[in-house]
Amino acid sequence: MDNIFVLVIVAVTSAITYFGTQRKNRAKIREAIRAFFEYAGTFSLFFAANVVFGFFIILLIRTFTPVFVALYALENVLLLILSAAQAFVFHRSWKR
């Protein structure tokens, strides 16, 4: 319920901003929204690739060494943040 409430607040303020801007700025807002969704897709791909790669590395460590590494090692906020940074850098360099 809390997440829905936050989403409604953000949607309403975004709609007010979109319709409150002058007509010439609406094209820029549409362009920014498109760039956001491109970035979100890039972030999703990098995050998924990092999780899958980490999964395979953990399986390799478990298979070929006596060391046990839990899959919970992938449940880390730093992985999320670094995936976002990877996506940001890739998105910025790809658009230039």
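Derivation of every value follows stated rules applied to the coordinates shown; laboratory data play no part. Small disclaimer: the values here were computed from a predicted structure and weren't measured. Glycine gets a Cβ as well: all are built from the backbone with ideal geometry, and neighbour counts include every protein chain shown.
Only one of the values [x] 8.9; [y] 7.4; [z] 6.8 was calculated from this structure for mean projected area of the Cα convex hull in nm²; name its label.
This structure yields the entry labelled [x].
Among the GluC sites (Glu not before Pro) in the range 24-80, which ones are in a DSSP loop with at most 16 other Cβ atoms within 10 Å of the Cβ? Mind listing them? Let's see the in-between values first.
On the way: sites: Glu31, Glu38, Glu75; in loops: Glu75.
Passing sites in the range 24-80 are Glu75.
Please work out the C-alpha center-to-center distance from the range 27-44 to the range 62-90 and express it in whole Å.
26
From the residues Ile57, Gly20, Leu7, which one has its Cα farthest along the dipole of the range 2-95 in the positive direction, the dipole being from +1 and -1 charges on Cβ of Lys/Arg and Asp/Glu about the Cα centre?
Farthest towards the positive end: Gly20.
Hey, fewest Cβ within 10 Å first, where do Ile16, Ile29 land in order?
Numbers: Ile16 10, Ile29 13.
In order of increasing Cβ crowding within 10 Å: Ile16, Ile29.
Where in the chain are there chymotrypsin sites (Phe, Trp or Tyr not before Pro) that are in a DSSP coil and have at most 13 other Cβ atoms within 10 angstrom of their Cβ? Kindly include the intermediate steps, with their values, before the conclusion.
Values: sites: Phe5, Tyr18, Phe19, Phe36, Phe37, Tyr39, Phe43, Phe46, Phe47, Phe53, Phe55, Phe56, Phe64, Phe68, Tyr72, Phe88, Phe90, Trp94; in loops: Phe68.
Those that pass, being in a loop and sparsely packed, are Phe68.
Roughly how many debye, to the nearest 20, is the charge dipole of the chain about its Cα centre, given +1 on each Lys and Arg Cβ, -1 on each Asp and Glu Cβ, and no other charges?
Values: 10 positive and 4 negative charges, 146 e Å.
Using Cβ point charges on Lys, Arg, Asp and Glu, the chain gives about 700 debye.
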